[in-house]
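Below is one structure, written out as C-alpha cells; comments come after it.
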Amino acid sequence: MAKKKMLLMKGNEALAEAAIQAGCRFYAGYPITPQNEIPEYLSKRMPEAKGVFIQAESEIASINMVYGASAAGVRAMTSSSGPGISLKQETISFLAGAELPAVIINIQRGGPGLGNITASQADYFQAVKGGGHGDYKCIVFSPFNVQEMWDLTMRAFDKADAYRMPVIILGDGVVGQMMEPFHPTKYVRPGLPEKDWILDGCRGREPRVIRTLFVGSGELEKQNILLQKKYVLIRKKEVMFDAYDIEDAELVVVAFGIAARIALSAVKELRRKGKKVGLFRPVTLFPFPEKQIADIADRKKRFIVVEMNAGQMVEDVRLAVNGKADVLFYGRPGGAVFNPEELYRKIKAAYPRVAGTAG
Amino acid sequence: MATGLTLKELSKKEDRFTHGHRMCAGCGAPTIVKMVLLATDYPVIAANATGCLEVSSCISEYTAWKIPWIHTAFENAAATISGVETMYRSLKKQGKIDKDVKFIAFGGDGGTYDIGLQSLSGAMERGHDMLYVCYDNGAYMNTGIQRSSATPLGADTTTCPAGDIIPGKLRVRKNLTKIMAAHNIPYAAQASPSHWMDLMKKVRKAHEFIGPKFMNILSPCNRGWRSQTNDAITLSRLGVNSCYWPLYEIEDGVTKITYTPKDKIPVADFMKPQGRFKHLFAPANEWLLKKVQEEVDKEWEKLKKQAECGC
C-alpha cells in the first residue's frame, strides 16, 4: 500500500495553506501573538495563488475588508487572537446579519484584557454564544491537532458558503504553534449553491442589496426568524464529535480542542490501569452535540468536563445532561495549560468508587 | 528651578525608568523613555500603548516605572491619558489637588500610526494637556516584525517580505509628525536619541505649552532592522545626517529645523548596516534604492521650504 504523503508544519501554517487550497483568495489581518504565522505565511503565499493579502491598520479594518470581499463573492478570511477578536465582534454581527460567508480564525490566548500569549480556551462563550450584538450564531469548529487545523479550515469555507454565514475556527496557542506531521488531504469542492447574491456589477440584471438595516415594520423580526431557521437546520445537520471508549465507560470526560488532546493521554493511561473511562470531544461547538451527550446521560454515566478556562462549555454539557447525571468540572483559567499527569489525577479522583453506581 | 541639561546635572537626577526591564539589548526605546523622563522636572503620569515597551517594562509583579503608569488596549493610549488628564483637571478645579502634573503617553509606531491613530487624533483635537511620544522603530517589532505605516519604503518585513514578487515595502511612510501638526496643536517635533540635547530640549519646550503636544522619536530596533546591538545611536545619527529623519519642530504652525547636517550623507549610508534593506543593494533593485533617495530628498526640500517661509 502506498504510504500517505505527510507534511510537517506549524498548525497556523497548515491552516493558512488549507485556506489557499480551499480557494480562499482574500485575507486581511493584523499582527497579534500567537497567530502571526498566519498573516506571515499568507503574505508570501497569497500573491503566488493570485489572491489578495492585506495587512490592515487594525483588526476592525481587517474584518471590514473581509466583509467587502465576501460581498464581492470571494472566499475571504481573517485571523486574530483574544483582544483582536473582541475588536472584530461588531462586524461578525454584521456578517451574520447580512448573511455573508466568512472564515474567522481565533488562535486563543489567555485573557481577559491583554492577558498573556499562552494557549487558552476562555473565548468559548464569545465564539459560541454570539459575542457581538443581536440574535446570531456562528458555526464554531474546534481543532485539536494540526490535521484538523487543515481539514476543518477547508470545511469552514464550505459551510460558510453553504449557509451564508461567518464560521469561526476556535484554535489556541498550542495547536497554532506546534508542529506535527499531518496528511494534506486534497480539497474536494462539494456541490454548493451558486452565489446569486453577490455584488459584482448589475449590468444586464436587477440590482441586488446586501444589508443589515431592516427598519420597516416587522421587517427585522422576519429576517431574524429566517436566521433562526437556518440555525435550527445547522443544529440538525452539522454536529461533529469524536468519542473514545465511551461504550462501557463509568466516567466520561468531555473536552474540546487542546484540552481534549491532553485529556486523551490521561484517559488512555487510566484505561491501561483498568479504569473504565471514555472521552467525548465536541468538534463543532456550535452546533453543540447536545443530543449525543443527552444519550450518554440516559445510560447513567458520570461526566467530568475539563477546560482551559473557569468553566464555559460545562454549562452546555449541563444543559444537555439536564440533571440526568453528575457533571463535574475541572478547569484552569488564565492561559494555564494542563499536563497529562494532572488530568490523570483529576479524572481518577472523579471516577466512581463502586462501579455502576455513578449518576 | 529646572535642572540644567548637562550630563553632570542629569547624572544626579533619579531615573524614573529604571534598569531591570526586559527590553532587548541595544533597543532604542528605553533610552528614549529615560531621556524624556529625565528632561521632565514635573511629577509625571504616563500611559502606555501595547507594544515592546509596555510588555517588557511590566513583567508580572515588577515594574521599571517609578511613576504612576497605566496601560490599556493597543489602540487607546491617547484616550486613556485623556481620561486621566481630564479627571486631574476636574480635581484641580474642585481644589482637591494642587500639584502641577504632566501627562505623557508612550506608544510605538504600530500603536500610534495605525491602530491608535483615531484615539490620538481625538485627543489632539479635544485639546488635552498632554505630550504623546511615539518611539518609531518602523514595524510591529513586538509581534515579529510585521510592516506598519511607519515602515520605510523598500524595507523587508515578515508581512511585506522581499523576494521575487515584491522588493519589500512598496509604499512610503506616513508622515505622522505633519499629520499631528495639521491638528493645529501648539507643538509637534521630531527627535532622535543620537541628538540627546536636542531631544531633551524639545521635551522641556513641549511641557511649557498648555494643550496637546506630539513628539516622534526615531527608535532603532536591532531585531527588526537586522543590525548590530551596539548600533542604535550610530544608526539614529546616520538617520539624521542623511535627512531620512530630520530634526525639526512645528511651534504654533511655524516650522523650524533644529539641526541641519553639515554634510548630508546618502541615505544608503543609513541603510547599508541594516539587514532589512540588504536586498536593495542587489543590482536588480538599484531603481528602488534610487527612489528611496529621491523620496528623502523631496521631503527634505519640502521641509526646508516650509522652514524658510515660516509656515
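The numbers here are math on the coordinates, done by the rules we state, and not lab data. Please read these numbers as outputs of a predicted model, since none were measured by experiment. Note: ideal-geometry Cβ built from the backbone for every residue, glycine included; neighbour counts use all protein chains shown.
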For B:GLY4, what is the net charge nearby, where nearby means another residue's Cβ is under 14 Å from its Cβ and Lys, Arg count +1, Asp, Glu -1?
-> +3
What spacing in nm lies between the two simple spin-label points modelled at B:ALA25 and A:LEU319, each 7 Å away from Cα in the Cβ direction?
-> 5.5
Put a dot 7 Å past each Cα toward the Cβ at B:LYS96 and B:LYS272; how far apart are the dots in nm?
-> 6.0
Arrange the peptides B:20-26, B:100-106 so that the one whose residues have, on average, the most other Cβ atoms within 10 Å appears first.
-> B:100-106, B:20-26
Bin width 10 Å, alpha-carbon pairs only: give the P(r) of chain A as whole percents, running from 0 to the bin holding the largest distance.
-> 5, 25, 32, 23, 11, 3, 0, 0
Out of residues 5 or more away from B:LYS213 or on other chains, whose amide H comes under 5 Å of its own, with H placed 1.01 Å from N in the peptide plane?
-> B:MET130, B:LEU131, B:TYR132
Using only atoms on other chains, find how many Cβ atoms lie within 10 Å of each Cβ of peptide A:27-34 and report the average.
-> 5
Spherically averaged projected area of region B:201-311 from its Cα convex hull (nm²) = 8.1
So for region B:4-100, what percent of the C-alpha to C-alpha distances run longer than 24 Å?
-> 30
Calculated diffusion of region B:183-248, Stokes-Einstein form, Kirkwood radius summed over Cα pairs, 4 °C and 1.567 mPa s, µm²/s | 102
Förster-model FRET efficiency, 56 Å R0, B:LEU5 and B:ALA282, C-beta, rounded to 0.05 = 0.80
At R0 = 22 Å, FRET efficiency that the Cβ-Cβ distance of A:ALA294 and A:VAL188 yields, to 0.05 | 0.10
Listed by chain and number, the residues whose amide H is under 5 Å from that of A:ALA76, excluding neighbours fewer than 5 places away on the same chain and using placed H, are A:VAL103
Label-point gap, in nm, between A:ARG272 and B:THR229 - each point 7 angstrom along Cα→Cβ = 4.3
Region B:261-311: Cα Rg divided by the 2.2 N^0.38 Å rule of thumb | 1.38
Rounded to the nearest 10 degrees, what's the angle between the helix A:37-48 long axis and the longest principal axis of chain A, both from Cα atoms, 0 to 90?
-> 40
Please build a GNM for chain A, connecting alpha carbons under 10 Å apart, and tell me which residue among A:GLY204, A:GLY171, A:GLY23 fluctuates the most.
-> A:GLY204
Can you give me the three principal axis dimensions of region A:241-350 from its C-alpha atoms, in Å, biggest first?
-> 33, 30, 21
How big is the gap, in Å, between the Cα center of region A:1-32 and the Cα center of region B:243-261?
-> 48
How high is the relative contact order of chain B, in percent, with contacts defined as C-alpha pairs under 8 Å that are six or more residues apart?
-> 16
Per 10 Å bin from zero, what fraction in whole % of the C-alpha pairs of the protein assembly as shown is there, up to the bin with the longest pair?
-> 3, 14, 22, 22, 18, 13, 6, 2, 0, 0
Once the mean of 1/r over all distinct C-alpha pairs in chain B is inverted, the Kirkwood radius in Å reads 19.8
Taking a quarter of the surface of the Cα convex hull of region A:166-289, what do you get in nm²?
-> 13.2
With the radius of gyration and the Kirkwood radius both derived from the Cα set of region A:207-278, what is their ratio Rg to Rh?
-> 1.36
Can you give the mean number of other chain Cβ atoms that lie within 10 Å of the Cβ atoms in peptide B:156-168?
-> 3
Relative contact order of region B:218-282 (C-alpha contacts under 8 Å, at least 6 apart) in percent is 31
Round to the nearest 0.05 the FRET efficiency obtained for B:ILE265 and B:ASN184 when R0 = 35 Å and r is the Cβ-Cβ distance.
-> 0.55
Just round it to a whole percent: the fraction of Cα-Cα distances in region A:295-340 exceeding 15 Å.
-> 44
Calculate the all-directions average of the projected area of region A:35-193's alpha-carbon convex hull, and give it in nm².
-> 9.1
Rounded to 5, the percent of DSSP beta bridges in region A:7-237 classed as antiparallel = 20
